[in-house]
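For reference, the structure discussed in these notes is given below.
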Amino acid sequence: MSDEATTAEKEPSVTTEAAEAYPGSEFNRQELSEFTSDDTEASANIGKMLTIFFAYSLLAMMCVTLWTWWISQSN
């Protein structure tokens with residue numbers, strides 16, 4: 001019998017943590033957690049801005065409604 005060359009399975013080289021995070025990802029765990037915290041902060045800021053814009057719109061509508069009512073009563 002001839003000796004067949006056995007190929008040893010290569011263990012994946014982990015030069016970065018990207019292979020541990022998600023296969024095929026070019027970002028490591030620390031970068032992914034930074035992205036998550038940045039997204040969380042951005043979402044909170046967007047929510048605050050939307051709340052302020054809604055309150056401003058509501059106040060503007062109330063003022064215009066009262067102004068219109070006041071003008072219509074004076075005629």
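So the values come out like this:
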{"quantity": "Full-extension gain in nm, Ile52 to Ser33, via 0.36 nm per residue minus C-alpha separation", "calculated": "4.0 nm"}
{"quantity": "Other-chain or far-sequence residues with amide H under 5 Å of Asn28's (modelled H)", "calculated": "none"}
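Bear in mind that the values in this text are calculations on the coordinates, not laboratory data. The structure presented is a predicted model; accordingly, all values stated were derived computationally and were not measured.
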